[in-house]
Amino acid sequence: MVPFTQLTIELILGFVMLFLVTRLLGKTQISQITPFDFISSLILGELLGNAIYDENVNIFSITYALVIWGLLVYLIEFWTQKKKSVRGFLEGQPVIVIHKGKILYPSLKKNKLDINQLQGLIRQKGYFSLYDVEYAILETNGTISVLPKSDVDSVTRKDLDLPIVDVSLPISLILDGEIVYDNLQELGRNETWLKKKLFEQDIVHITDVLHAEWQSPDQLLITTYSK
């Protein structure tokens, strides 16, 4: 049996090391957790638990294991911030499951989501009918974002006896200084048009843009790294 003094020291050290690693890795380990974050957190806790109750493992081994694991996860997180392609592989991509009021069954099937689960996620957003939703996006952390139809939105146009208008989904055209060509193509625009829009706001280089979002009817909202 592990002596109480040694166990106490290991628990205190483990607590401190976990706290430091969690602070180092950032708040995504707790909120908006991705599949990769979930797995890394489980292994980190399991690693510490096994180390504490294994009599053959000393304090230095625990410290070494936690530091190496924390460093590996930190490097992966840092890499995903720099490389958008790696980010998509490790964290996944948001998926549209309802498009212009139509449920996209292939998207549900691909993401192992059934209709009952979709209804539950939609209800959590305050909409009790799938047919009240114009767009629904399954986020990488398993939550869902909803854009309702204009006639059921809060204070509804129907209640005010106003004509019903189409709603459009905002489209991200630049992420982390890189053009999202798939979204640009879906919008029916090209890179020349995008650069012209940026120039109208005194932005010359795309790499200066942290995020650019197109909104109907033809508005481009831009956030640069300097803002």
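Once you order the gyration tensor axes a ≥ b ≥ c over the Cα atoms, which shape class does the stretch 72-227 get: rounded for a/c under 1.5, otherwise prolate or oblate by comparing a/b with b/c? Walk me through the intermediate numbers first.
On the way: a/c = 2.30, a/b = 1.25, b/c = 1.83.
Here the stretch 72-227 falls in the oblate category.
Using packing as a proxy for protection, rank 169-180, 101-112 so that the peptide with the highest average count of other Cβ atoms within 10 Å comes first. Don't skip to the end; give the middle numbers.
On the way: 169-180: 16.9, 101-112: 12.3.
In descending order of packing, they fall as 169-180, 101-112.
For V209, V67, V152, give the ranking by accessible area with the largest first, probe 1.4 Å.
Working: V209 0, V67 75, V152 45 Å².
So the residues, ranked largest to smallest area, are V67, V152, V209.
Would you please give the FRET efficiency between L72 and L175, computed as 1/(1 + (r/R0)^6) with r the Cβ-Cβ distance and R0 = 35 Å, to the nearest 0.05?
Details: r = 25 Å, r/R0 = 0.72.
E between L72 and L175, to the nearest 0.05, is 0.85.
How big is the stretch 137-227 in terms of Cα radius of gyration and Dmax, in angstroms?
16.0, 46
Residue-wise, which Karplus ³J(HN,Hα) couplings in Hz belong to the stretch 177-194, taking 6.51 cos²θ - 1.76 cosθ + 1.60, θ = phi - 60°, and x for glycine or proline?
Coupling constants for the stretch 177-194: x, 10, 6, 8, 5, 4, 5, 5, 5, 4, 6, x, 10, 10, 5, 4, 4, 5 Hz.
Want the number for I206 to K112: 0.36 nm per residue separation, take away the alpha-carbon distance, what's left? It would help to have the intermediate numbers written out before the result.
Values: separation 94, 0.36 × 94 = 33.84 nm, distance 3.65 nm.
Full-extension gain reported as 30.2 nm.
To the nearest 10 square angstrom, what accessible area does R189 show with a 1.4 Å probe?
Rounded to the nearest 10, the figure is 100 Å².
Using the beta-carbon distance between D182 and L130 and R0 = 22 Å, what value does 1/(1 + (r/R0)^6) give for FRET efficiency, to the nearest 0.05?
Numbers: r = 26 Å, r/R0 = 1.18.
The calculated FRET efficiency here is 0.25.
Using only the alpha carbon atoms of the stretch 93-152, find the Kirkwood hydrodynamic radius as the inverse mean reciprocal pair distance, in angstroms to one decimal.
Working: mean 1/r = 0.0894 Å⁻¹.
Every distinct Cα pair counted, the radius reaches 11.2 Å.
Check V97: other-chain or 5+ apart residues with amide H under 5 Å from its amide H, H built from backbone geometry?
Here A136, I137, L138 satisfy the definition.
Would you list F199, F60 from the most to the least accessible area, probe 1.4 Å? Don't jump to the answer; show the numbers that get you there.
Numbers: F199 140, F60 165 Å².
Solvent-accessible surface, decreasing: F60, F199.
The values are calculated or read from the model by the stated rules, or taken from the named source; none is laboratory data. Predicted, not measured: the structure shown is a model, and the values here were computed from it. Virtual Cβ from ideal backbone geometry, glycine too; neighbours counted across all protein chains shown. Ligands, DNA and RNA are stripped out before the accessible areas are found, and what is left, the full protein with its side chains, is counted by its heavy atoms. Shrake-Rupley method; radii C 1.70, N 1.55, O 1.52, S 1.80 Å.
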